[in-house]
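The values are calculated or read from the model by the stated rules, or taken from the named source; none is laboratory data. Bear in mind that the values here come from a model prediction, so they are computed numbers and not experimental data. Positions of Cβ are generated from backbone atoms using ideal geometry, with glycine treated the same way; all protein chains shown enter the neighbour counts.
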Amino acid sequence: MPKRVLIIDDEPDIREATQVCLEIAKGWHVTTASSSSEGLEKAASEQPDVVLLDVMMPDMDGLATFEQLRTNPTTRHIPVILLTAKAQPADRRRFTQLEVAAVITKPYDPLTLADQIAEILE
């Protein structure tokens, strides 16, 4: 079974490039959301195998979105990988205190991203 991935990112170019890479590299089924609220709805209705979540977004940031995913019984079990340009030690410490599956720093290599995600999910 191909993995089902939900990408929540407000940057259209990043969503599209990441989607194409994952679909081509692994044949995964990828859906995208351009906002936290859209992402929360899709996570609940589509039950993806993993959520790739941008940390810095307008309206509701990725950390607030992550908290909402965790408090909802229908999305609590879904692994979340944070995508972030914030790679300072203080940020990293904060992220590791959350129960996220992993943190991938932007810019990431689109050619190795699918393998990174597969490794994290194993």
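Being in contact (Cβ under 8 Å) with a residue 12 or more places away in the chain, of a type outside the set (D, E, K, R) and closer than 19 Å to residue 76 by Cβ is the filter here, so list the residues in segment 91-122 that pass it.
Across segment 91-122, the qualifying residues are 95, 98, 100, 101, 102, 120, 121.
Read through the list (1) under 17 Å from residue 116 (Cα atoms); (2) touching a Pro at 6+ places or on another chain (Cβ under 9 Å); (3) at pLDDT 95 or above; (4) not acidic (Asp, Glu), then give the number of the only condition that residue 53 fails.
Among (1) under 17 Å from residue 116 (Cα atoms); (2) touching a Pro at 6+ places or on another chain (Cβ under 9 Å); (3) at pLDDT 95 or above; (4) not acidic (Asp, Glu), residue 53 violates only (2).
I'd like the residue in segment 88-121 that is surrounded by 12 or more Cβ atoms within 10 Å (Cβ to Cβ) and of a type in the set (D, E, K, R) and, out of all such residues, is modelled with the highest pLDDT.
Of everything passing the filter in segment 88-121, 115 is modelled with the highest pLDDT.
Looking only at segment 56-85, filter to residues that are touching a Lys or Arg at 6+ places or on another chain (Cβ under 8 Å), surrounded by fewer than 16 Cβ atoms within 10 Å (Cβ to Cβ) and within 23 Å of residue 22 (Cα to Cα); which one of those is modelled with the highest pLDDT?
If we take residues in segment 56-85 being touching a Lys or Arg at 6+ places or on another chain (Cβ under 8 Å), surrounded by fewer than 16 Cβ atoms within 10 Å (Cβ to Cβ) and within 23 Å of residue 22 (Cα to Cα), then 56 is modelled with the highest pLDDT.
Quick one: how many residues across segment 32-41 are buried (at least 19 other Cβ atoms within 10 Å of the Cβ) and not β-branched (Val, Ile, Thr)?
4
Go through segment 4-28 residue by residue and tally those that are surrounded by fewer than 17 Cβ atoms within 10 Å (Cβ to Cβ) and touching a strand residue (DSSP E or B) at 6+ places or on another chain (Cβ under 6 Å).
So the count comes out to 2.
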